[in-house]
Every structure is written in structure tokens, then in C-alpha cells.
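Report on one structure; see the data block that follows.
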Amino acid sequence: MTSPGLSADPEINGICSDSREVQPGFLFVAFKESYPDGSMFIDDALAKGAVAILTNDNVSLPVSISVPILASLNPRRSYSLLLAYFHKQRPPSIMAVTGTNGKSSVVSFLRQLWNYNGVKGASIGTLGVECEYFSTPLPLTTPDARVTHMELAKLAGCGVESVAIEASSHGLDQYRIDGLEISAGGFTNLGRDHLDYHGSLPNYFTSKARLFDEVMGPGRVAVINKDSPYCGELSDICVNRGHKLIRYGSSQHEGVSNAVDLQLVQVVTKKNGLQIKVRYRGEVNDFDTPLIGRFQADNLLCAMGLALASGIPFDSLIKNAPRITAVRGRMELVARSSAGGAIYVDYAHTPDALHSALLALRSHTSGKLYLVFGCGGERDPGKRPLMGRVAAELADHVFVTDDNPRGEDPSSIRSAILTKCKNSSEIGDREEAISRAIGWLDHDDTLLIAGKGHETSQIVGCRTIEFDDIQVVRGILGIQGPR
């Protein structure tokens with residue numbers, strides 16, 4: 001296709017990787033390795049006025065194309081770097097959080113700490129864009145680089161000073177936040193997840209570590225979970241990059257307590273929350289929080305470490321920490337049954353997350369602990385029996401149901417869970433499983449509905465149907481009105 005009259009050095013008015021969004025004067029990015037192949041849409045982009053193309057260096061293009069062609073060995077990273085150069089309006093402080101579990105909670109807690117301490121903050125992640133001015137849902141935990149820059153520009157326009165971004169392994173592996181000037185990064189933990197994409201735990205860790213090794217410029221701040229087995233390797237990476245380390249955790253292992261900068265000295269479980277004792281630079285403080293679950297204390301410490309990195313004094317954090325509230329769908333008490341049993345919804349969809357959630361609720365439960373959960377289809381099948389084993393060991397009774405089966409046979413997914421989860425109730429229909437479990441609850445019992453958390457739909461085959469665990473619970477119990 002020819003484009004007569006176009007300059008060999010055109011003025012670029014915009015950048016995108018979706019030909020449907022191309023406008024006259026745009027640079028169109030065609031990723032060869034994507035599905036569908038981005039090079040298939042070059043003609044469409046040119047017809048809509050694209051004046052330049054960025055693509056892989058090994059793509060064969062017709063010689064008739066007369067617009068400049070930028071060939072890159074790493075077009076995804078080039079795309080993000082160009083967007084960062086093109087879109088310069090963004091909040092002055094950006095922090096990123098990575099890890100298997102806890103990212104959504106940490107960025108939310110950090111946003112709340114900023115706001116309570118007079119800093120206009122926002123967060124971007126699984127729950128979308130959240131700030132005091134507006135909230136916007138997003139399709140991905142770490143969105144496409146163009147979406148991220150557009151949202152950052154909106155936030156800057158509202159006067160937002162600091163933003164906390166969830167950095168997923170997919171987002172890091174696909175260079176979606178490269179080019180952002182990230183002042184501090186947080187690492188929560190690493191467990192089994194997304195092996196269908198990464199292939200192995202070492203590859204998964206390498207993707208997470210990119211935040212500290214490549215994305216963040218040298219000499220920034222790294223807030224790392226000292227209790228993670230990956231702390232040593234990640235600390236070495238950070239030291240080599242010249243980052244300042246803030247290590248957090250209980251660190252009760254012999255000989256390492258002095259290496260913890262922000263120490264979780266004690267967590268006391270109460271009926272409606274936690275009492276937390278923290279040591280920082282020799283100063284020990286304790287406070288109460290309505291957060292449920294021991295693991296939430298770790299998430300809160302990670303957020304406090306990042307807040308310290310942003311310049312907020314420790315005593316101000318201690319003062320405002322009791323005001324922190326949980327994220328929607330993260331260990332959320334959504335209702336009580338007619339008998340008084342507590343019903344929680346949580347996003348736990350990995351073996352480690354399910355283990356932490358069940359242990360957390362066990363400490364808050366004097367009666368029996370019940371669980372409703374399933375596993376997603378077309379995702380790592382190896383974690384299904386692992387989650388079944390965790391469920392069988394830590395819950396008094398398990399209702400194995402469907403999560404998002406996608407294109408897989410739902411019964412085969414449940415069967416894989418049940419190989420290690422004997423003496424359970426298998427109920428494929430998720431609403432029926434939830435209803436049956438609620439009916440089992442007595443006054444001192446607890447029910448955990450795990451896996452979907454904040455999600456409001458269920459993917460079955462090629463259909464996406466409306467399904468919200470929280471609203472299903474409210475409907476079963478006949479609870480009317482807004483949450």
C-alpha cells in the first residue's frame with residue numbers, strides 16, 4: 001500500500017498498537033509476536049492516516065510502504081519508551097508493587113496513607129484507577145502502556161501527586177511500565193501462579209525482578225519482604241543497582257533480626273481485626289486495625305515502607321494506620337447468615353493465598369470454617385491439586401465449585417481439585433454451592449468464598465455472564481439496598 005506525499009520525518013500526533021484507535025498522524029505499533037499478528041493490521045492503520053510504523057526487526061513488509069518503518073529488536077519496550085517520551089504529563093511520584101499476592105491491598109493501603117497524610121494519592125491495578133476524584137475500571141492489572149500514560153495524565157490534571165501501580169508479572173515481562181520514572185518499588189512475596197505463561201518459577205521470578213533490575217533507574221528505593229525466600233537474591237540485585245533497601249517482616253529467624261528495617265514484632269488476632277506492634281529504627285509502636293488476617297499485617301508494612309520512602313514520618317504512619325480499610329473482595333466481611341455465621345469473600349486463587357486466607361480466618365473463628373472455591377480454566381493446571389490439598393487440610397468442609405472454567409470442561413477442573421480434597425461436596429453451579437454452604441453456618445462458624453473476590457462476571461465457554469460473589473450472597477440472604 002502506498003502513502004504518497006508523506007514525509008520521511010513526519011510529525012507524530014499519537015502512538016497506539018490497536019489499528020482501530022489510529023488517527024491521522026499516528027505512529028502505529030505492530031507486534032509480530034502478538035495474537036493476532038499486529039503486522040496484519042498495517043494496511044488498516046495506513047488507511048486511517050498512520051504516518052510511521054514500529055515493528056519487529058524480522059518482519060517482512062511490502063516495499064511499496066512509503067512511510068518510515070522503525071524496526072526494533074524489542075518493539076514492546078520501544079513502544080513503552082516512546083510513549084513515556086511522548087506523554088510527559090504525569091504525577092511527579094510513581095511507585096510500583098510486584099509479587100504474587102497482596103499487590104492490590106498494598107497499593108490501596110499506600111494510597112490511603114498518602115491521603116491521610118496530606119498527599120494527593122491514587123492507585124492503578126486490578127481494581128482499576130482509584131483516587132478521591134474518580135475511579136475507572138481497567139481490563140488488566142497492569143494495563144497497556146498507552147492506557148497507563150493516558151490515566152496518569154488524567155490523574156496529573158486532577159492534581160494527584162503520587163501514584164501506586166500494581167506491576168504484574170505479565171506487565172513486567174511485556175515491558176508495559178518501562179520508561180516510567182519509578183521512585184520506589186515494593187516486593188510482597190512469590191508463590192506458584194501464572195506458570196501457564198512463564199513456564200517455571202525461575203522465569204516467573206525473573207519477570208518480577210525486572211522491576212528492580214531494569215525498570216527502576218539506579219539509586220532508587222526497594223521495599224522487600226524479608227520473610228520471603230527470595231529476599232536474598234532480590235536484595236543482591238537491588239544492591240548491584242545501588243538501590244536503598246527497606247526490608248520489612250517478622251524476621252523471627254535467628255541471626256537476621258538486625259537486617260529488618262521495619263519489623264513486625266507482634267500480631268494479635270481480635271474478633272474484628274488485628275493489634276499490630278511494629279519496630280522502626282529502635283522505636284516500637286502498636287495500633288489496632290480493622291483488617292482481617294495475619295497476611296494483611298505484612299501488606300500494611302509493605303505500604304508503610306513505601307510511604308516512608310516517599311518521605312512520610314513514621315509517627316504519622318502509626319497515627320493513621322488504624323484508619324486503613326480493606327480492599328473490596330480482599331478478606332471482606334460481606335454479610336452474616338441468619339444464624340450469625342460470618343461470610344467472607346477473598347480473591348485467593350493460588351495455593352499460598354488460599355493457605356494464608358484460611359489460616360487467617362481460622363484465628364478469627366471459634367466454630368467451624370467452611371470454604372467454597374474452584375480453579376480457573378486454561379490456566380496452570382498443576383496448582384489445582386495443590387489448592388485441593390490446602391483446602392482439605394485447613395477447612396472443616398469444602399464445597400468444590402466452578403470458578404472461571406473458560407473453554408475447559410468444568411468437571412475435569414473440579415476432578416483435579418478433588419484428587420487431593422476428599423470428603424468434599426462437589427457442586428458445579430457456583431450460586432448453588434454458595435447457598436448450600438451458607439445453610440450450613442451456625443453462629444460461631446465462618447464461610448470463605450475464595451477465588452473471584454471483586455470480579456463481577458464468570459467466564460463459561462465463550463460466554464461471559466454476570467456473577468458477583470458478594471451480590472450473590474446478599475441475594476441469598478435477602479439483603480436489599482447498596483453495599
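Brief remarks on what is shown
Results for (1) within 12 Å of A96 (Cβ to Cβ); (2) modelled with pLDDT under 95, shown as yes or no for each residue.
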{"position": "H170", "(1), (2)": "no, yes"}
{"position": "Q174", "(1), (2)": "no, yes"}
{"position": "A184", "(1), (2)": "yes, no"}
{"position": "R192", "(1), (2)": "no, yes"}
{"position": "Y197", "(1), (2)": "no, yes"}
{"position": "Y204", "(1), (2)": "no, yes"}
{"position": "S207", "(1), (2)": "no, yes"}
{"position": "D213", "(1), (2)": "no, no"}
{"position": "A222", "(1), (2)": "yes, no"}
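- Single unsatisfied condition, A309 versus (1) over 19 Å from A164 (Cα atoms); (2) out of contact with any Asp or Glu (no Cβ under 9 Å at 6 or more places or on another chain); (3) among the small types (G, A, S); (4) in contact (Cβ under 8 Å) with a residue 12 or more places away in the chain: (1)
- Some residue of the range 375-383 being more than 18 Å from E431 (Cα to Cα), in a helix (DSSP H, G or I), in the same structural domain as R406 (by TED's automatic domain parsing) and touching a Pro at 6+ places or on another chain (Cβ under 8 Å): yes
- Only one of P68, P75 that is buried (at least 17 other Cβ atoms within 10 Å of the Cβ), touching a strand residue (DSSP E or B) at 6+ places or on another chain (Cβ under 6 Å) and not hydrophobic (A, V, I, L, M, F, W, C): P75
- Which numbered condition A326 misses (of (1) assigned to a helix (DSSP H, G or I); (2) within 18 Å of V106 (Cα to Cα)): (1)
- The residue of the range 24-56 that is surrounded by the fewest Cβ atoms within 10 Å (Cβ to Cβ), among those that are assigned to a loop (DSSP other than H, G, I, E, B) and over 32 Å from the mean Cα position of the chain (by Cα), is P24.
- When Y133 is tested against (1) among the aromatic types (F, W, Y); (2) more than 20 Å from the chain's Cα centre (by Cα); (3) crowded, with 23+ Cβ neighbours inside 10 Å, only condition (3) is not met.
- The set of residues in the range 83-99 being touching a Gly at 6+ places or on another chain (Cβ under 7 Å), crowded, with 20+ Cβ neighbours inside 10 Å and not in a strand (DSSP E or B) consists of L83 alone.
- Residue-level check: of (1) under 21 Å from R192 (Cα atoms); (2) touching an Asp or Glu at 6+ places or on another chain (Cβ under 9 Å); (3) modelled with pLDDT of 95 or more, R389 misses just (2).
- Note on the range 363-418: residues that are without any contact (Cβ under 8 Å) to a residue 40 or more places away in the chain, farther than 18 Å from M331 by Cα and of a type in the set (V, I, T) amount to 3.
- Number of residues in the range 388-411 that are out of contact with any Gly (no Cβ under 9 Å at 6 or more places or on another chain) and in a helix (DSSP H, G or I) equals 7.
- Yes/no for S80 being outside the structural domain of L317 (by TED's automatic domain parsing) and either within 30 Å of A303 (Cβ to Cβ) or assigned to a helix (DSSP H, G or I) (or both): yes
- Number of the exception - C462 against (1) modelled with pLDDT of 95 or more; (2) more than 24 Å from the chain's Cα centre (by Cα): (1)
- Residue count for the range 347-371, restricted to those that are modelled with pLDDT of 95 or more, closer than 23 Å to I479 by Cα and not hydrophobic (A, V, I, L, M, F, W, C): 1.
- Lone qualifier among R330, R336 - being without any contact (Cβ under 8 Å) to a residue 24 or more places away in the chain, under 21 Å from F373 (Cα atoms) and in contact with a strand residue (DSSP E or B) (Cβ under 9 Å, 6 or more places away or on another chain): R336
- Check on S123, part of a strand (DSSP E or B), polar (S, T, N, Q) and touching a residue at least 60 places away in the same chain (Cβ under 8 Å): no
- Every condition in (1) touching a Gly at 6+ places or on another chain (Cβ under 9 Å); (2) touching a residue at least 40 places away in the same chain (Cβ under 8 Å) holds for D288 except the one numbered (2).
- I224 falls short on exactly one of the conditions (1) outside any loop (DSSP other than H, G, I, E, B); (2) over 23 Å from H349 (Cα atoms); (3) hydrophobic (A, V, I, L, M, F, W, C), and that condition is (2).
- Of all residues making up the range 288-323, the number that are in a strand (DSSP E or B) and either surrounded by fewer than 16 Cβ atoms within 10 Å (Cβ to Cβ) or not assigned by TED's automatic domain parsing to the domain that holds N225 (or both): 1
- Residues of the range 202-215 that are without any contact (Cβ under 8 Å) to a residue 60 or more places away in the chain and in contact with a strand residue (DSSP E or B) (Cβ under 7 Å, 6 or more places away or on another chain): F212 alone.
- From the options G191, G199, residue that is over 21 Å from S80 (Cβ atoms) and free of Cβ contacts under 8 Å to residues at least 12 places away in the same chain: G199
- Applying the set (1) modelled with pLDDT of 95 or more; (2) hydroxyl-bearing (S, T, Y); (3) over 22 Å from P313 (Cα atoms) to S108 leaves exactly one unmet item: (3).
- Just one of the listed residues (D227, D144, D178) is buried (at least 19 other Cβ atoms within 10 Å of the Cβ), of a type in the set (D, E, K, R) and at pLDDT below 95, namely D144.
The values are calculated or read from the model by the stated rules, or taken from the named source; none is laboratory data. These numbers come from a predicted model, not from an experiment. A quick note on method: Cβ atoms are made from the backbone with ideal geometry, for glycine too, and the neighbour counts reach across all protein chains shown.
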